[in-house]
1. Give me the 1.4 Å probe accessible area per residue for the stretch 19-86, excluding ligands and nucleic acids, in Å².
2. Can you tell me the dipole magnitude for the stretch 19-86 around its Cα centre, using point charges on the Cβ only (Lys, Arg +1; Asp, Glu -1), in Debye to the nearest 20?
3. Using only C-alpha positions, report the orientation-averaged shadow area of the convex hull of the stretch 19-86, nm², one decimal.
Amino acid sequence: LLLLLSTLLGTPAVPSQRPACYKRVLKDHSCHTIRDGKENLRHVDEGLQDHFWEGKGCEVICYCNLNELLCCPKDIFFGPKISFVIPCNSQ
């Protein structure tokens, strides 16, 4: 029945496995107070001001805008052609 309804409605029966972007409000309410390791973030590069890696790996990148972060998987954020050249410091 679920398969029939999803076919009729044109929506997939299984949710998409692709991770989505999300927003996160900063605790200190300012992009300028973020230090490496704080909020589980690391600066991406000196040339990419207000861009941070989230977590221990280099799969999710966040952009800080005023007092909130927009976080997305790096391929969605930069696109697949650019994301592979962005330096990753996983330490």
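1. Ligands and nucleic acids excluded, the result is 63 Å² per residue.
2. Working: 9 positive and 10 negative charges, 30 e Å.
I would put it at about 140 debye.
3. Values: hull surface 17.2 nm².
Mean shadow area of the hull around the Cα atoms is 4.3 nm².
The values are calculated or read from the model by the stated rules, or taken from the named source; none is laboratory data. The structure presented is a predicted model; accordingly, all values stated were derived computationally and were not measured. Backbone-built Cβ (ideal geometry, glycine too); neighbour counts: all protein chains shown. All accessible areas refer to the heavy atoms of the entire protein, side chains included, with ligands and DNA or RNA removed. Shrake-Rupley method; radii C 1.70, N 1.55, O 1.52, S 1.80 Å.
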